[in-house]
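Undergrad: Structure provided below as structure tokens; questions to follow.
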Amino acid sequence: EGYQELHKRAKHMLCESGFDEKGLGAFEKLRTYLMINVQTMTDKSVSHMAEMLIQGSTMGINDAIKKINAYQGEDSRIVKLMEELQKFEEKSLEKLKGFL
């Protein structure tokens, strides 16, 4: 739900600015699907799933920080949205640690 809400708000901001949402291409979707399946083929344990999600959340935090720094002083709405994404990812990361 958290990701969907952030996505909805980001999409709305894009539309307001006259841009279209750029989704993942078919190749990127296939690559992601295969990567997840390969990584879970040999280890379907809860701790392994948590580890994979922690890696994703960590990448999300890093990307959010980069965007915050890139848009500082430009569009405060983007910075605010990225700060919310960063906090959301940090909370998710803390929850996932309990499953390791």
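Undergrad: In degrees from 0 to 90, rounded to the nearest 10, what is the angle of the helix 46-71 Cα long axis to the longest principal axis of the chain?
TA: Result, in degrees: 20.
Undergrad: Also, quick follow-up: Ignoring everything but the protein chains, give the 1.4 Å probe accessible area of Tyr33 in square angstrom, nearest 10.
TA: Around 140 Å² of this residue is reachable by solvent.
Undergrad: As a test of the formula, what do you get for the chain when each DSSP H run with n ≥ 4 contributes -39,500 (n - 2.57) and the sum is divided by the residue count, at 222 nm and rounded to the nearest 500 deg cm²/dmol?
TA: Calculated mean residue ellipticity at 222 nm is -27000 deg cm²/dmol.
Undergrad: Another question, if that's okay. Starting from the Cα gyration tensor of segment 44-95, multiply each eigenvalue by 5, take the square root, and state the resulting semi-axes largest first in whole Å.
TA: Each semi-axis is √(5λ); the values are 27, 9, 6 Å.
Undergrad: Over the chain, what portion of Cα pair distances is larger than 19 Å, expressed as a whole percent? Don't jump to the answer; show the numbers that get you there.
TA: Working: 2744 of 4950 pairs.
In whole percent, the long-distance tail amounts to 55.
Undergrad: Roughly what angle does helix 76-97 make with the longest principal axis of the chain, taking Cα atoms, 0 to 90 degrees, to the nearest 10?
TA: For helix 76-97, the angle is close to 20 degrees.
Undergrad: Given 10 Å bins starting at zero, what is the percent of C-alpha pairs of segment 1-40 in each, up to the one with the largest pair distance?
TA: 27, 30, 34, 9, 0
Undergrad: Return the ratio Rg/(2.2 N^0.38 Å) for segment 25-68, where Rg is computed over Cα atoms only.
TA: Dividing the Cα radius of gyration by 2.2 N^0.38 Å gives 1.37.
Undergrad: For Met41, Met49, Met82, write out the residues from largest to smallest accessible area, computed with a 1.4 angstrom probe and no ligands counted.
TA: Result of the area sort, largest leading: Met41, Met49, Met82.
Undergrad: Quick check on my link table: of Lys66/Lys87; Lys67/Lys91; Lys44/Lys66; Lys29/Lys67; Lys11/Lys95, which ones sit more than 21 Å apart, alpha carbon to alpha carbon?
TA: Over 21 Å Cα-Cα: Lys44/Lys66; Lys29/Lys67; Lys11/Lys95.
Undergrad: Just Leu30, Leu14, Leu81 to compare: in a GNM of the chain, with alpha carbon springs under 10 Å, which one fluctuates most?
TA: It is Leu30.
Undergrad: Can you give the local net charge around Leu81? Use residues other than it whose beta-carbon is closer than 12 angstrom to its beta-carbon, Lys and Arg +1, Asp and Glu -1. If you can, show how the numbers build up before the last one.
TA: On the way: positive: Lys8, Arg9, Lys11, Lys67, Arg77, Lys80, Lys87; negative: Glu5, Asp75, Glu83, Glu84.
So the surrounding residues net to +3.
The values are calculated or read from the model by the stated rules, or taken from the named source; none is laboratory data. The structure presented is a predicted model; accordingly, all values stated were derived computationally and were not measured. FYI the Cβ positions are ideal-geometry reconstructions off the backbone, even for glycines, and counts take in every protein chain you see. Calculation scope for accessible area: heavy atoms of the full protein, side chains included, ligands and nucleic acids excluded. Shrake-Rupley method; radii C 1.70, N 1.55, O 1.52, S 1.80 Å.
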